[in-house]
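The values are calculated or read from the model by the stated rules, or taken from the named source; none is laboratory data. All values reported here derive from a predicted model rather than from experimental measurement. Here the Cβ positions follow ideal geometry from the backbone for every residue, glycine too, while neighbour counts run over all protein chains shown. Surface accessibility is based on the protein's heavy atoms, side chains included, excluding ligands, DNA and RNA. Shrake-Rupley method; radii C 1.70, N 1.55, O 1.52, S 1.80 Å.
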Amino acid sequence: MGEIVVVRHGQTEWSAAGRHTSTTDLDLTREGESRARALSRALRNRSFVAVVSSPRRRARRTAELAGLTVTDVDNDVAEWDYGAYEGRTTADIHAEAPGWDLWREGCPGGETPQQVADRLDRVLAKLRPMLALGDVAVVSHGHASRSLAARWLEQPIAFGAHLTLGTATISVLGHEHEIPSLHQWNAPPS
């Protein structure tokens, strides 16, 4: 049984500043490009039956620099839609909405946790048959990747809050005795 190798995109100006970035299509910073290239060393001994990428430039460029050939661009692995909170930091949001919690509430004008869970469940349903053939890479974003892991582990989407994830990192979802498990999380490029 193959593994799902989750690659978070490299740094952008907004990710470096802690700004929520969903639909805004930003390029990688110079540091983001450098770290994305470094991912290729960690991925060089793997072959993939499929590489699924978010449609955002930052994800597709990370895949390219990491030496991955994208076989499927899928909106279902794009970042949460932050709606009215797009481009804002959590501290800024809390100044006007104390106690706001993305994982519990979602975003006004954006997605709810249930909507994110539904689309990532679709992704996993698509990937599971591919795992019989080998490993699959998913190039995505911070909150979306954390949510994907939560759903893989058969947990509510809010479980993703417990999974810190840096930019340009590799995480691996697999099985332990046929039970979905977390094999590696938040590993930086070596």
Report the residue count in the stretch 12-30 for those that are in contact with a strand residue (DSSP E or B) (Cβ under 9 Å, 6 or more places away or on another chain), over 14 Å from Arg57 (Cα atoms) and hydrophobic (A, V, I, L, M, F, W, C).
1
How many residues, within the stretch 92-114, are without any contact (Cβ under 8 Å) to a residue 12 or more places away in the chain and open to solvent by 80 Å² or more (accessible area, probe 1.4 Å)?
4
Single residue of Ser171, Ser181, Ser190 found to be within 16 Å of the chain's Cα centre (by Cα), polar (S, T, N, Q) and within 21 Å of Ser47 (Cα to Cα)
Ser171
I'm told Ala38 meets every condition in (1) closer than 27 Å to Leu124 by Cβ; (2) touching a Pro at 6+ places or on another chain (Cβ under 9 Å); (3) open to solvent by less than 50 Å² (accessible area, probe 1.4 Å) except one. Can you identify the failing condition by its number?
(1)
Which residues, counting only those in the stretch 147-190, are without any contact (Cβ under 8 Å) to a residue 60 or more places away in the chain, buried (at least 22 other Cβ atoms within 10 Å of the Cβ) and touching an Asp or Glu at 6+ places or on another chain (Cβ under 8 Å)?
Arg151
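Looking at Arg57, Arg44, which is the one that is within 17 Å of the chain's Cα centre (by Cα) and among the charged types (D, E, K, R)?
Values: Arg44 fails: within 17 Å of the chain's Cα centre (by Cα).
Arg57 is the lone residue from the list that is within 17 Å of the chain's Cα centre (by Cα) and among the charged types (D, E, K, R).
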So in the stretch 1-35, with the set limited to residues that are open to solvent by 10 Å² or more (accessible area, probe 1.4 Å) and β-branched (Val, Ile, Thr), which one is nearest to Thr89 (Cα to Cα)?
Thr21
Would you confirm whether or not the stretch 44-54 contains a residue that is farther than 19 Å from Ser145 by Cα, of a type in the set (Val, Ile, Thr) and touching a residue at least 24 places away in the same chain (Cβ under 8 Å)?
yes
